[in-house]
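Pasting a structure below so you can have a look.
The values are calculated or read from the model by the stated rules, or taken from the named source; none is laboratory data. Everything quoted here is computed from the prediction, not taken from an experiment. All Cβ positions, even for glycine, are placed from backbone atoms using ideal geometry, and neighbour counts span all protein chains on display. Remember, those area values only see protein heavy atoms, side chains included, never the ligands or the DNA or RNA. Shrake-Rupley method; radii C 1.70, N 1.55, O 1.52, S 1.80 Å.
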Amino acid sequence: MTGVIREVATQPIAGQKPGTSGLRKKVGVFQAAPYLHNFVQAIFDAVPALKGATLVVGGDGRFYNRQAVQIILAMAQANGVARVLVGRDGLLSTPAASHLVRKSGAAGAIILSASHNPGGSNGDFGIKFNAANGGPAPESLTEQMYALTQTLTRYLIADGDDIPLGAAGSFTRGQMAVEVVDPVHAYGELMTSLVDMDAIRAWLADGHRIRLDALHAVGGPYARHVFCDLLGAPADSVVNGVPLENFGDGHPDPNPVYAADLVACMNGPDAPDFAAAFDGDADRNMILGRNCVLTPSDSLAILAANAALIPQFAGTFHGAARSMPTSRALDVVGQAKGFPVYETPTGWKFFGNLLDADRISLCGEESYGTGASHVREKDGVWAALCWLNLLAVRKQSVAEIVADHWAQYGRHYYSRHDYEALPVEGANAIMARLRAALADLPGKRLNGLTVSLADDFSYTDPVDASVSRSQGIRIEFADGSRVVFRLSGTGTEGATLRVYLERFEADPARHSLDTQIALASVIAVAHYLADIVGLTGRTEPTVVT
């Protein structure tokens with residue numbers, strides 16, 4: 001019977017522990033009932049404030065997104081949610097979902113995304129809960145959810161017809177109101193309040209050209225609305241702008257490897273003046289100019305150095321934060337300009353407390369994520385807008401702004417080497433080897449580099465005093481070089497080892513070296529310390545960015 005709430009017997013499923021950005025597995029795992037049902041019930045059980053409240057639901061449109069949305073709506077009704085706001089066609093970018101939570105006063109959001117991971121029927125799927133501040137659930141809450149998945153004996157679901165998601169409108173599901181909303185309108189309104197839209201329009205009208213690559217993911221509708229509808233850029237400025245369930249058989253990760261076509265375009269004879277690429281859920285960004293690809297660390301530092309030119313930061317700039325593996329280019333800017341810089345573990349949830357407490361205004365991660373106080377997530381479209389703001393006001397090219405920045409603050413050569421789908425035993429052996437060596441490393445000279453610090457990064461949150469341990473191995477050298485080792489929580493097969501490499505160069509005459517050549521001494525030390533070849537058999541990283 002329609003509207004009947006059923007209590008369905010179930011049993012715990014092993015391994016439903018959220019990683020850095022929620023629970024991610026192969027789509028086939030989520031399709032096998034009751035995998036999704038169990039985790040969604042754990043969310044409702046862990047967040048009793050959802051009963052009688054508003055919930056935001058949406059995702060990046062990957063394969064299984066639509067079906068998962070309908071299951072969540074049925075379970076939300078059964079668990080007493082009063083109102084659900086869901087994006088048309090089940091779509092919401094992650095930053096737009098964060099904004100919608102904050103704007104509507106919702107108790108939280110269930111976001112369906114595996115971010116930059118591949119999609120399609122054989123690809124990946126993901127789910128995460130964002131709290132009432134619009135940001136990812138804190139570790140204490142995700143640990144509670146995981147604990148509940150290990151004791152779960154039932155889930156609640158309501159019978160009923162699917163809600164039509166193809167157009168905006170108001171519906172009911174039993175006693176629960178469901179509002180299908182335009183996924184981009186409210187977000188576009190927010191963007192117009194943050195940057196100098198008139199200056200960007202004038203810059204575009206002066207003949208400058210841009211190219212935004214959505215990689216066939218959810219960023220397409222947002223890019224078309226913001227850059228074309230609101231700013232007047234030609235429609236062909238957005239490429240790969242139609243969201244596809246399989247992301248066009250591509251990999252929606254905005255880096256030089258997976259957005260190689262965009263890099264080639266920007267290195268061509270008729271390159272646009274500016275380009276950006278966005279990931280699956282449009283929270284990550286890669287910024288490019290003619291013959292110029294920025295590292296995320298440099299992008300963050302340059303935005304911080306030029307914050308006074310962006311209306312959002314006019315008046316008060318509280319400070320900035322970076323994830324521990326992100327280069328220390330931001331730190332140098334903070335020291336010069338006199339604002340605090342916080343070093344946090346990887347994961348956007350760690351920035352949330354700092355933002356809520358007005359300790360920071362800007363934050364970012366080396367994994368192509370940049371964000372600020374307007375939402376509690378990284379925001380790719382916003383980052384591109386900020387860069388256009390700088391180009392329009394400074395009247396310089398991307399390459400000129402970057403060169404000026406390096407001349408003033410020095411260059412932090414930076415690269416990340418990813419070893420994907422490693423045997424878990426081998427990856428764990430690498431981390432165990434490194435931890436065992438930490439105590440004896442300070443003072444040692446390795447390949448011409450003297451170790452000044454070696455530790456397993458631990459973070460004490462300055463707002464709530466919570467402690468997060470074992471967040472990555474840091475090995476720093478007396479000349480400012482650094483290598484960081486960390487196991488990623490975003491993969492779905494085996495283990496992913498990330499090796500972060502950094503070297504500071506003050507001399508402008510040495511700012512045009514090839515990055516891998518500039519980092520050669522640090523790379524050699526990293527391989528010696530970790531013995532990646534010996535413990536895993538891998539002689540080369542899977543991806544170098």
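Of the residues that make up region 324-337, is at least one basic (Lys, Arg), open to solvent by less than 10 Å² (accessible area, probe 1.4 Å) and under 21 Å from residue 481 (Cβ atoms)?
Scanning region 324-337, I find no residue that is basic (Lys, Arg), open to solvent by less than 10 Å² (accessible area, probe 1.4 Å) and under 21 Å from residue 481 (Cβ atoms), so the answer is no.
Name the one entry in 57, 69 that is touching a residue at least 12 places away in the same chain (Cβ under 8 Å) and either assigned to a helix (DSSP H, G or I) or polar (S, T, N, Q) (or both).
Within the list 57, 69, the selection yields 69.
Can you name every residue in region 444-474 that is within 24 Å of the chain's Cα centre (by Cα), of a type in the set (D, E, K, R) and surrounded by fewer than 15 Cβ atoms within 10 Å (Cβ to Cβ)?
The answer is 464, 469.
Do you know which residues across region 370-405 are closer than 22 Å to residue 503 by Cα, touching a helix residue (DSSP H, G or I) at 6+ places or on another chain (Cβ under 7 Å) and not β-branched (Val, Ile, Thr)?
Correct list: 405 only.
Taking residue 275, is it in a loop (DSSP other than H, G, I, E, B), of a type in the set (A, V, I, L, M), modelled with pLDDT of 95 or more and farther than 25 Å from residue 136 by Cβ?
No; evaluated as a whole, the condition is false for this residue.
To continue, here is another question. Can you name the residue in region 331-352 that is aromatic (Phe, Trp, Tyr) and at pLDDT 95 or above and is also nearest to residue 458 (Cα to Cα) among such residues?
This residue is 342.
Pick from 495, 506: which is modelled with pLDDT of 95 or more and on the phi < 0 side of the Ramachandran plot? Before the answer, list the steps.
Details: 495 fails: modelled with pLDDT of 95 or more.
From the options 495, 506, the qualifying one is 506.
Sort out which residues of region 1-48 are at pLDDT below 95, in contact with a strand residue (DSSP E or B) (Cβ under 8 Å, 6 or more places away or on another chain) and over 20 Å from residue 114 (Cα atoms), and write them in order of number.
Those that are at pLDDT below 95, in contact with a strand residue (DSSP E or B) (Cβ under 8 Å, 6 or more places away or on another chain) and over 20 Å from residue 114 (Cα atoms): 3, 4.
Next question, about the same structure. Which residues, taken from region 522-545, are hydroxyl-bearing (Ser, Thr, Tyr) and open to solvent by less than 40 Å² (accessible area, probe 1.4 Å)?
Answer for region 522-545, where residues must be hydroxyl-bearing (Ser, Thr, Tyr) and open to solvent by less than 40 Å² (accessible area, probe 1.4 Å): 536, 545.
May I ask you to list the residues in region 191-243 that are open to solvent by less than 30 Å² (accessible area, probe 1.4 Å), in contact with a Gly (Cβ under 8 Å, 6 or more places away or on another chain) and over 23 Å from residue 94 (Cβ atoms)?
Residue satisfying the conditions is 204 alone.
Condition first: open to solvent by 30 Å² or more (accessible area, probe 1.4 Å) and part of a strand (DSSP E or B). Now tell me which residues in region 475-507 satisfy that.
Answer for region 475-507, where residues must be open to solvent by 30 Å² or more (accessible area, probe 1.4 Å) and part of a strand (DSSP E or B): 487, 503, 504.
If you take the residues in region 164-190 that are of a type in the set (A, V, I, L, M, F, W, C) and under 11 Å from residue 88 (Cα atoms), which one is surrounded by the fewest Cβ atoms within 10 Å (Cβ to Cβ)?
Residue satisfying both the conditions and the ranking: 167.
Quick one: which of 367, 361, 397 is modelled with pLDDT under 95 and out of contact with any Pro (no Cβ under 6 Å at 6 or more places or on another chain)?
367
While we're on this one: Scan region 278-293 residue by residue and report those that are polar (S, T, N, Q) and part of a loop (DSSP other than H, G, I, E, B).
291
Being closer than 21 Å to residue 353 by Cα and open to solvent by 10 Å² or more (accessible area, probe 1.4 Å) is the filter here; which residues of region 283-312 pass it?
Passing the criteria: 284, 312.
Now, a different point. For region 1-49: of the residues being β-branched (Val, Ile, Thr) and not in a loop (DSSP other than H, G, I, E, B), which is surrounded by the most Cβ atoms within 10 Å (Cβ to Cβ)?
Per the stated criteria, the residue is 43.
Any chance region 47-61 includes a residue that's among the hydrophobic types (A, V, I, L, M, F, W, C) and closer than 17 Å to residue 152 by Cβ? Write out each step before concluding.
Keep residues of region 47-61 that are among the hydrophobic types (A, V, I, L, M, F, W, C), which gives 47, 49-50, 53, 55-57.
Next, from what is left, pick out any that are closer than 17 Å to residue 152 by Cβ: 47, 50.
Among the residues of region 47-61, at least one is among the hydrophobic types (A, V, I, L, M, F, W, C) and closer than 17 Å to residue 152 by Cβ, which makes the answer yes.
For region 493-524, which positions are among the charged types (D, E, K, R), touching a Phe, Trp or Tyr at 6+ places or on another chain (Cβ under 9 Å) and within 18 Å of residue 408 (Cα to Cα)?
If we filter region 493-524 for residues that are among the charged types (D, E, K, R), which is where we start, we get 493, 498, 502-503, 505, 507, 510, 514.
Within this subset, residues satisfying the condition of being touching a Phe, Trp or Tyr at 6+ places or on another chain (Cβ under 9 Å) are 498, 502-503, 505.
Matches in region 493-524: 503, 505.
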